[in-house]
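Okay, structure first, notes after.
The values are calculated or read from the model by the stated rules, or taken from the named source; none is laboratory data. Predicted, not measured: the structure shown is a model, and the values here were computed from it. As a convention, Cβ positions derive from the backbone with ideal geometry for all residues, glycine included, and neighbour counts pool all protein chains shown.
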């Protein structure tokens, strides 16, 4: 049930005009919300504001009582619903900042880097983003008063975040969210390879994905999320920032690391039946090299497994 339908139904219920079928629908919806434990914990200030806003929208006059619904539903609707609904829509706000409840919500900008060069993007708060080749980010035209949400829908980006009292968060399509106040870090996200990676250059960040414990990362620390695993390790600061200076550096990299680098640098997704967690590859090459030159080098240095690349119908095969 979308927000507009829900509010219309609650207003109709408040005035005592719900049909038995509508009362049953409302009861079913409230039952589902009561059993839903996915609503995140909010601060007292956030919850109070949400409660106030929702009460004004749903029951401007709290002395009016519904007449055609059972005692249990009346009690839930009159007392619990503003908090539950507020929490529900707050969840939608924090998970999907473009769906703000406020009428002052602004549109979102989309920046796609379709070249092999880095693209510099300045966000509304003056945070600087170095957007990697074939990468895409989205952000509001104007950040709201209580948050600075950004989406990395594909690729790789380095964020040098301006310090602000509003939390700065970046979320990718897999649901991995990184939250900071002021720091610098890199995020990599590949929808095709089902990989999300966060590495910190300065400061601290909190990284979380639904179903996992939040991880706090400091300088030179990184975390990698794949479909069924979470790996936390460290990376040298020079290696972490090398791609922003036109270099590709990998040390003791797995085949998965290689495929992610190829995807981020050349916009090519590779497929393989090999175990992507194997391999031990070290590379230090200029980012100006062509894809074929890089593939030739990787073939020569690869072992355990020894790999070979072939292009079929614009799809890179690894075997």
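Being farther than 19 Å from residue 266 by Cα and at pLDDT 90 or above is the filter here; which residues of the stretch 281-306 pass it? If you could, list the steps in order and put the result at the bottom.
The initial filter retains those residues of the stretch 281-306 that are farther than 19 Å from residue 266 by Cα, namely 300-306.
Across the stretch 281-306, the qualifying residue is only 300.
Please work out if residue 158 is touching a residue at least 40 places away in the same chain (Cβ under 8 Å) and in contact with a strand residue (DSSP E or B) (Cβ under 6 Å, 6 or more places away or on another chain). Break it down into steps so the answer makes sense when it comes.
Working: touching a residue at least 40 places away in the same chain (Cβ under 8 Å): yes; in contact with a strand residue (DSSP E or B) (Cβ under 6 Å, 6 or more places away or on another chain): yes.
Yes, satisfied.
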*asked:* Condition first: under 29 Å from the mean Cα position of the chain (by Cα) and within 23 Å of residue 118 (Cβ to Cβ). Now tell me which residues in the stretch 271-290 satisfy that.
replied: 287
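Please work out if residue 140 is crowded, with 17+ Cβ neighbours inside 10 Å and within 13 Å of the chain's Cα centre (by Cα).
Details: crowded, with 17+ Cβ neighbours inside 10 Å: yes; within 13 Å of the chain's Cα centre (by Cα): no.
Against the criterion (crowded, with 17+ Cβ neighbours inside 10 Å and within 13 Å of the chain's Cα centre (by Cα)), residue 140 does not qualify.
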_strands (runs of 3 or more DSSP E) (entirely within the stretch 165-278) containing at least 3 residues that are closer than 24 Å to residue 136 by Cβ, in contact (Cβ under 8 Å) with a residue 60 or more places away in the chain and out of contact with any strand residue (DSSP E or B) (no Cβ under 9 Å at 6 or more places or on another chain)_ = none
